[in-house]
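What follows is one structure encoded as structure tokens, with my remarks underneath.
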Amino acid sequence: MRDRADFESYVEQRSARLLRTAYLLCRDWATAEDLVQTALAKAWLAWRRVGANPDPYVYRILTNTHASWWRRRWRDEVPTEDVPDRAAGGGDTGSEIGARDALRAVLVALPAKQRAVIVLRYFEDLPDPVIAGILGCSVPTVRSQASRALAKLRLDPAARAAIEIGG
């Protein structure tokens, strides 16, 4: 049976990765933090029923919550071109930051399900069957969504530039 200490340990170990995944899904740090917080709160409620590997369960909560928030997003919010202030540090060079920003801009152009598949497959290194379980679809659907997303990225000059910058 899983207990509070297991949950706390999981949160300590996985929070940074969950936050990165949430950011790649929604492209806003504040929303990503809220998304992770909500996902972890939902996971806590079912923690005793979660199996030995909680990642698929938590990632599914994360992606489902993002999808429901996206469907209900406020219509009075206005996107902006301004980049928010960020904390300095981390040892990133200017080119690494530029490559990451270019890649994030390319990812946001993908439809939500394709973006989720790309993020879970290539950034979280999850296998297709796990992604299918997280997204509630079949493995062939995951593969077709990944194929379509990659085809779209190959045709996008900005995506090619982002890949070249990133090396």
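Bear in mind that the values in this text are calculations on the coordinates, not laboratory data. Computed from a predicted structure; not experimentally measured. Here the Cβ positions follow ideal geometry from the backbone for every residue, glycine too, while neighbour counts run over all protein chains shown.
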In sequence order, what are the phi-derived ³J(HN,Hα) couplings for region 56-66 according to the Karplus relation 6.51 cos²θ - 1.76 cosθ + 1.60 with θ = phi - 60°, rounded to whole Hz, with x for glycine and proline? x, 5, 5, 5, 5, 4, 4, 6, 5, 5, 4
Ranked by Cβ crowding within 10 angstrom, fewest neighbours first, how are ASP128, ASP3, ASP82 ordered? ASP82, ASP3, ASP128
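Counting other C-beta atoms within 10 Å, which of LEU62, LEU107 has the fewest, and how do the rest follow? It would help to have the intermediate numbers written out before the result.
Working: LEU62 25, LEU107 20.
The fewest-first ordering by Cβ neighbours comes to LEU107, LEU62.
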Around ALA132, under 12 Å between beta carbons, what's the net of Lys plus Arg minus Asp minus Glu among the other residues? +3
